[in-house]
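Notes follow the structure.
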Amino acid sequence: MGDRLNKLAAKLLNSSDGSHRARLIPVGGGKGGVGKSFVVANLAASLARLGHRVVAVDGDLEGPNLHTCVGVPRPRVSLADFVAQREEDLGKLLLDTPIPNLHLIAATDGNLATPQPTQSRRVHLMRELRELDADFVFFDLGAGTHAAVMDYFMIGDEGLIVIAPEPTSVENAYGFVRAAFYRRLRLAMASHDMRKIVTLAMDQRNERGIRTPLELLREIQMLDPAEGARFVETMHAFHPRIVMNDVRTADDIKLGFSIQSVCRKFFGIEAEYLGYVNHDESARRSVCARRPLIDVYPRSDAAIYISRIARKLLANGAAGDSPEGSA
Ligand SMILES: Nc1ncnc2c1ncn2[C@@H]1O[C@H](COP(=O)(O)OP(=O)(O)O)[C@@H](O)[C@H]1O
Ligand SMILES: [Mg+2]
């Protein structure tokens, strides 16, 4: 059964480009409180203000609060209805927000007994999200590296990782990139045996002594050159995007570049440093006002940095370039 689902997920993964569909942008980062929901709400609002049709989805079924960030006080329906199979049509879960062109799929009233959807439900959800009538779909993943979170991140087109300039957040971000990459890799492997080796390597203390994706690559190249080639292809196609949030100093900004080079050196992965958002008291004030920052304090520094990232997303940083400006 796992293999069949894996195939389905792999198919979804490969169907991400081509036809005109919403750009699906999962936003994670491992750690809670780093500003994922804040960034999602404001990037979504920014693009909606520019006239794009945007849906912001709260995927954080265990700590939902995106509705508050975008200004929807009491969502009447939620993603939990889809997870519990009470509603099959995601379109019916779309809620209006105070911002024209911005709709929300909230995540309140989840089932505390089984908050995470099953894997087949997750694959179904991602497929339906792609079908939404929108230009952008942002998916707020919440904290952690639960299998559900990683599946969403991996199946989305252009996963974004929000990192705060603190060792705890950076540490969790590496864990997140590693988890996402290994899961994606496992899907890419055609043979059951190689998938087993990837699974084994996911355990940091595995008996084969594989510690990094590059060590895993060497092992797989040795055992099966065709799979090795698939590995390299997956590695080259994987471009997690980094947003540093709550930065206060030039060193905080530079940290994004350091993370980028660590990803290159140890993971063989080319991450893109999409930009940064400075620490700004008006960010907290906007959350307290239950509205996106770009709406209530459009001239604040953080709002300007957010708009810059939104424009960069529009210009589509398919190539990994660096953030503009400095602190
Ligand atoms: N750039 C920023 N400057 C100042 N405060 C921020 C900034 N970004 C986020 N915050 C504060 O951090 C809080 C937590 O952010 P949130 O988006 O809820 O985190 P997460 O979704 O990652 O758990 C926000 O409510 C806000 O008060
Ligand atoms: Mg959140």
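Mean shadow of region 221-266, computed from the convex hull of its alpha carbons, in nm²? Don't jump to the answer; show the numbers that get you there.
Working: hull surface 15.4 nm².
So the mean shadow area of the Cα hull is 3.9 nm².
Our summary of shape: the Cα atoms of region 196-327 have principal axis extents of 57, 31, 27 Å, ordered from largest down, in whole angstrom. Summarising the strand pairing of the chain, around 5 percent of its internal DSSP beta bridges are antiparallel. Sorted largest first, the spans of the alpha carbon positions of the chain along the three principal axes are 57, 49, 37 Å. Angle of helix 119-131 to the longest C-alpha principal axis of the chain, folded into 0 to 90 degrees and rounded to 10: 50°. Relative to the longest principal axis of the Cα atoms of the chain, the long axis of helix 213-223 lies at roughly 30 degrees. Take every pair of alpha-carbon atoms less than 8 Å apart whose residues are at least six positions apart; their mean separation over the length of region 102-180 yields a relative contact order of 27 percent.
Throughout, read-outs are computed from the coordinates displayed, never taken from laboratory work. Everything numeric in this text was worked out from a predicted model, so none of it was measured.
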